[in-house]
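Worksheet for the structure shown next.
Read-outs: derived from the displayed coordinates by stated rules, not from any lab. Note that this is a predicted model, so its numbers are computed, not measured. Here Cβ is always computed from backbone atoms with ideal geometry, including for glycine, and neighbour counts include all displayed protein chains.
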Amino acid sequence: MKTEILKELISQLLALGAFFAFPAIQYLLLKRFARSEGQPELWYLPKYGFRLVIRNIPGKRALSDLKYCARLRKFIPAAEGSSVATYEENVLTRQDDFFLFPGSDELILSFRIEGESEDNLHFLLTDKLGREIRRVPFANISVLIADYTATLDEPVQF
């Protein structure tokens, strides 16, 4: 009688463990294999300048609910009597998109850097054909920040 109860208890515990372990293992495997999907890359094309893209040409999955933003940030040291530094932001681009399908890339930011010396360098925001949109002196820039979020969808079957 006791052995039957013990066997039943062990089988119930194994079933319960498998019930919770399968989704956890699936999540860990998906997280591991999803690392290479939608990677950002910075390219330099002599005719157009620098391009920051979300790379999905070699991808097998679509990205949905895509949101990205690129900004220039200038750090401002703490003023006299203040212990806290601050910063000013210059938003270059902010975009929401529905999908990024396999076989295509999404351009986040396109820019060039121009100038003859360190004193007169400029950051030039350009369109994807390399035409200037905005010019910002390097003296007004501490860091360039670009980030994005997306949902990785199931593999697309064609």
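Filtering the range 100-158 to residues that are touching a residue at least 60 places away in the same chain (Cβ under 8 Å), over 29 Å from PRO77 (Cα atoms) and among the hydrophobic types (A, V, I, L, M, F, W, C) leaves LEU100, ILE108, LEU129, ALA150, LEU152, VAL156.
Just checking, which of PHE50, PHE75 is of a type in the set (Phe, Trp, Tyr) and surrounded by 14 or more Cβ atoms within 10 Å (Cβ to Cβ)?
Numbers: PHE75 fails: surrounded by 14 or more Cβ atoms within 10 Å (Cβ to Cβ).
Testing whether each residue is of a type in the set (Phe, Trp, Tyr) and surrounded by 14 or more Cβ atoms within 10 Å (Cβ to Cβ) leaves just PHE50.
For the range 81-92, does any single residue satisfy the condition of being surrounded by 13 or more Cβ atoms within 10 Å (Cβ to Cβ) and polar (S, T, N, Q)? Taking every residue of the range 81-92 in turn, at least one turns out to be surrounded by 13 or more Cβ atoms within 10 Å (Cβ to Cβ) and polar (S, T, N, Q).
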